[in-house]
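Student: Below: one structure in structure tokens.
Each value in this text was obtained by applying a stated rule to the coordinates, not by laboratory testing. If you're wondering where the values come from, they're calculated on a predicted model, not measured in any experiment. A quick note on method: Cβ atoms are made from the backbone with ideal geometry, for glycine too, and the neighbour counts reach across all protein chains shown.
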Number of protein chains: 2
Amino acid sequence: MSHAQAAESGEDRLIARYFQPLAKHPGAFALADDAAVIEPPAGCEIVLKTDGIIGGVHFFPEDPADTVAKKALRVNLSDLAAKGAAPLGFLLTLALPQGIGEAWLADFARGLADDADLFKCPLFGGDTDRTPGPITISIAAFGAVPKGKMLRRAGARPGDRLIVTGTIGDAALGLMLRNDAGAAHRWGLNEEQRDALVQRYLVPQPRTAVADLFRNNASAGMDVSDGLVGDLAKLCRASGVSATIELSRIPLSQAARVALAGESGLIEPILTGGDDYEILASVPPNGIDALRDQASASGVAVTEIGTVTPGDAAPRVLDREGRALAFAHASFSHF
Amino acid sequence: MSHAQAAESGEDRLIARYFQPLAKHPGAFALADDAAVIEPPAGCEIVLKTDGIIGGVHFFPEDPADTVAKKALRVNLSDLAAKGAAPLGFLLTLALPQGIGEAWLADFARGLADDADLFKCPLFGGDTDRTPGPITISIAAFGAVPKGKMLRRAGARPGDRLIVTGTIGDAALGLMLRNDAGAAHRWGLNEEQRDALVQRYLVPQPRTAVADLFRNNASAGMDVSDGLVGDLAKLCRASGVSATIELSRIPLSQAARVALAGESGLIEPILTGGDDYEILASVPPNGIDALRDQASASGVAVTEIGTVTPGDAAPRVLDREGRALAFAHASFSHF
């Protein structure tokens, strides 16, 4: 016992070295206590979200550790943004296989630190364990919204316009490219286009910059993580409405357009594959121009893709001839 | 697409069936949105804690699903209690192997629902995934403390008395009994004693009932999860003090006393094995009687085990002859 005090555990040492620098909020007590404290800003409440990612399920075990960290945080930040919330901080639980050493952890913490700074979302605490399974990362993220103003799934009204940020389908194609070495050639993609799609799967771009704008102007919103078509169905179900969107209006990246021209069947993974982490929202018609202009000023493209309609029928995706598309699976589900 | 709205995903169906009943707080939106909202009670801030448990690491894969759920929540509630916080709610991330079916999930949700009610700690949201690894459960728990009043690790002063709730070492012995079928006989335990120890490993008892009492009377506190000796060293390190505790004062259950009489070497796992989930606290001498009486009225035994001393030497555990015990490992560490 005489040296117990000097002999901090390996766990404590790793936390102090790699994670303490991310704990910049005074309520995190520099990770030197068992818990942290947080308070919402005046007039606000705290938005709570948790999402996990698992090696071999949500990312490739060989992905760079810094991008794994960014993805783990960003999938949560994407939800906060779509709910109109500004990031306040996060908790991390990390389960690592024996084979994962300190070099991986150093890269992971570096990626996480970069994003914690970028999104003003400091670490409040965590838990680190060894697992006989794959790398498993769970994050609980906290955001702030004015009291009672979280942007809900419910709230879309017939006549509202449906809008999405950014482009749809890139990450789903990126995942296919990772799994199929010949796909890029078959789809007619050059290297830059392939890389752009793969990158979108690797590191999502949460739309934090326009969270306020959507909260103030949209009638309902959510992030597109399980595929546009299925997520739109969820938004409509929660709002008690239906919707029609036009295929020709759905914003595609240049790389996705090239791939789709090369293989028309890709429209299904583009619209149902998920991992987009864009915002889908309904906006009253008179607010849409202002929202689009202000989003554009924040560097985020916003595209009108359709209209909310009455009834409880499933949303329809119409092609140029006005025919409804049919999909085998509207969205991704683990069960 | 025409039936997409009727065709909720399997994930949505499982959540609605098993977890929605736990989401009794209005801010959880009945789990029908992407996130939840929470506010601290007036004059309070929110205490944040996350802890995960993994099948084959923190519990046995064959443990009943309802006790697994209780353990997952209670290890977090134990931290909240030791910080002086009242539970407000929690987020859950659940990664399940393919082999885990709906019967397991039903039992898991039932155990979790019982504890959510018992500890007034409703579910605010979650995330459920399939994993190629073991059952992995991560919980982020939220509690309330009056602003600035979270019971810290730092704060123990020379002369303060050291106290613990309940009994120490039972869960560590329970784990040994699970791993070694012959141990109960060798240690001279009857079936009831064996079961009592095993039960303490299976389902911890968070000291929520005395959280307020400790916050109002203790100078420092933390829960004993990695072993009494190691956790005391952490408390001392954070407070910049040392400590002396007396072996003969450490509260042992009757079963642990029998086992220790049968095998004296068990003192090491008892004091360093962890999984106790009792509160260790330092209390100024003039507050200790009141705290002990009021805790006792709440049904929680509190025992004085030693004294905080000046200096930064490692805490000492003295036997009846006043000699300091030596341990191979002061506490459990995953790294």
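Student: I need B:Met176, A:Met150 ordered by Cβ neighbour count within 10 Å, fewest first.
Tutor: Final ranking by Cβ density, sparse to dense: B:Met176, A:Met150.
Student: Would you mind ranking B:Glu278, B:Glu268, A:Glu263 so that the residue whose beta carbon has the fewest other beta carbons within 10 Å leads the list?
Tutor: A:Glu263, B:Glu268, B:Glu278
Student: Out of the DSSP beta bridges found with both residues in the range A:10-146, what percent are antiparallel (nearest 5)? Before the final figure, lay out each step's value.
Tutor: Working: 20 of 28 bridges.
The answer is about 70 percent antiparallel.
Student: Which single residue of chain B puts its beta carbon nearest to the axis of rotation relating B to A, and what distance, in whole Å, does that give?
Tutor: Per the Cβ-to-axis criterion, the result reads B:Gly133, 1.
Student: What number, rounded to the nearest 500 deg cm²/dmol, is the helix-based mean residue ellipticity at 222 nm of the protein assembly as shown, given -39500 (n - 2.57) per DSSP H run of at least four residues and division by all its residues?
Tutor: -9500 deg cm²/dmol
Student: Another one. Would you mind giving the mean number of other chain beta-carbons within 10 Å of the Cβ of each residue in A:54-64, as a whole number?
Tutor: 2
Student: Right, next: Pull up the cross-link candidates among the aspartates and glutamates for B:Lys149, meaning alpha carbon to alpha carbon under 18 Å and not fewer than 8 places away within one chain.
Tutor: Output for B:Lys149: A:Asp33, A:Asp34, A:Glu39, B:Glu39, B:Glu45, B:Asp79, B:Asp212, B:Asp223.
Student: Something else now. Output wanted: per-residue J couplings in Hz (rounded whole) for the range B:16-23, from phi through Karplus 6.51 cos²θ - 1.76 cosθ + 1.60, θ = phi - 60°, x for Gly and Pro.
Tutor: Calculated HN-Hα couplings, in order: 4, 6, 9, 9, 4, x, 7, 9 Hz.
Student: With +1 on each Lys and Arg Cβ and -1 on each Asp and Glu Cβ, how big is the dipole of the protein assembly as shown about its Cα centre, in debye rounded to the nearest 20?
Tutor: 1120
Student: Using amide H atoms built in the peptide plane, which far-off residues or other-chain residues are under 5 Å from B:Arg130 H to H?
Tutor: Counting only residues 5 or more places away or on other chains, the set is B:Leu96.
Student: If you put a point 7 Å past Cα along the Cβ direction, how far is that point for A:Ser264 from the same point in each other copy, in nm, smallest first?
Tutor: Copy-to-copy label distances for A:Ser264: 8.7 nm.
Student: Let me ask something additional. Only counting other Cβ atoms within 10 Å, I'd like A:Lys71, A:Lys24 sorted with the fewest neighbours first.
Tutor: Numbers: A:Lys71 23, A:Lys24 15.
Ordered from fewest to most neighbouring Cβ atoms within 10 Å, A:Lys71, A:Lys24 come out as A:Lys24, A:Lys71.
Student: Continuing with this model, one more query. Nm distances between the label at B:Arg130 and the same-position labels in the remaining copies, 7 Å along Cα→Cβ, shortest first?
Tutor: Those label-point separations list as 2.9 nm.
Student: Starting from the amide H of A:Ser219, placed 1.01 Å from N in the peptide plane, find each other amide H under 5 Å away whose residue is 5 or more places distant or on another chain.
Tutor: A:Ser282, A:Val283
Student: Distances from B:Ala324 to the same residue in each other copy, label points 7 Å out along Cα→Cβ, in nm, shortest first?
Tutor: For B:Ala324, the other copies' label points sit at 7.8 nm, shortest first.
Student: Per-residue mean of other chain beta-carbon atoms within 10 angstrom of the beta-carbon, peptide B:312-323?
Tutor: Counting other chains' Cβ atoms within 10 Å and averaging over B:312-323 gives 2.
Student: With point charges of +1 on the Cβ of Lys and Arg and -1 on the Cβ of Asp and Glu, referenced to the Cα centre of the range A:10-146, which listed residue (A:Phe29, A:Pro41, A:Thr67) lies farthest in the positive direction of the dipole?
Tutor: Among A:Phe29, A:Pro41, A:Thr67, the one farthest towards the positive end of the dipole of the range A:10-146 is A:Pro41.
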